[in-house]
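Nothing in this text is a laboratory measurement; each read-out follows from the coordinates by a stated rule. Computed from a prediction, not measured in an experiment: that's the story for all the values here. Glycine gets a Cβ as well: all are built from the backbone with ideal geometry, and neighbour counts include every protein chain shown.
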Amino acid sequence: MSDLLETQKRYYAARAPEYDDWWYRRGRYAVDPETERAWNDDIAEAERALDAFGVHGDVVELAAGTGIWTRRLVQAADRVVALDANPEVLALNTARADRRAVDVFTWQPDERYDLCFFSFWHSHVPDDRLDDFWRTVRAALKPGGRVFLVDNGAGDLAHASRKTARTETRTVADGREFEIVKRWWLPEELEQRVAALGFDLDLRLTANGYFLYGGGR
């Protein structure tokens, strides 16, 4: 598994220049107008949910990437600490956050936060590391602290990836292939899984099924 996680890290370093193209459906990630409208509608739904959740205080963002969500968090939070294992993506993250190159799997929080946020990260956590990951999240939160996440829902055909039950093979623009962890969760399944670890989450799928999102304490 350590080799797979290292490959996953190298994949996101290689994909850094094109990550925003995937989000904004540009270039090789472009889709037909109807699909793009559905995608953008689901983005807006997830953004409204985060706004309604109420970001405030000190926030830590795990796997912050190029800053698509960091830029939204800094508008409402007192302070945002943005962590990512890859300096390549943090270099593209221009949000006014405290950006740190840290491997989330080995990170030990040295302070506590009001909110822990992560997008398109949880599905890359292997099953055998899930309990440890959520223990780290708990250790990062103040008493009564909260969690909000956004992740893939029904799947993203723009990746055109080869899938197994727990991994995908992804290709970057220059043709290189990488096998990564990819675990698809249903809302109820993930709610039940983390309830045993002391988290009460309210999760749902967006109207068109592209994203899983929600939060709790």
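State, as an integer percentage, the relative contact order of the chain based on alpha-carbon contacts under 8 Å between residues 6 or more apart. If you can, show how the numbers build up before the last one.
Working: 390 pairs, mean separation 46.0, N = 217.
The normalised contact order for the chain reaches 21 percent.
Given the options GLU188, GLU179, GLU18, state which has the largest fluctuation in a GNM of the chain using a 10 Å cut-off (strictly under) for Cα springs. For the chain, modelled as a Gaussian network with Cα springs under 10 Å, the answer is GLU188.
Most simply put, the chain has about 50% antiparallel DSSP beta bridges, counting only bridges with both residues inside it. Here the Gaussian network model covers the chain, with springs between Cα atoms less than 10 Å apart; of ASP78, ASP103, ASP128, ASP128 fluctuates the most.
Farthest toward the positive end of the dipole of the range 2-216, out of TYR29, ALA14, PHE148, is the Cα of ALA14, where the dipole comes from beta carbon charges about the Cα centre. Please report the spacing between the Cα centers of the range 13-41 and the range 57-112 in Å, no decimals. Centre-to-centre distance over Cα atoms comes out at 22 Å.
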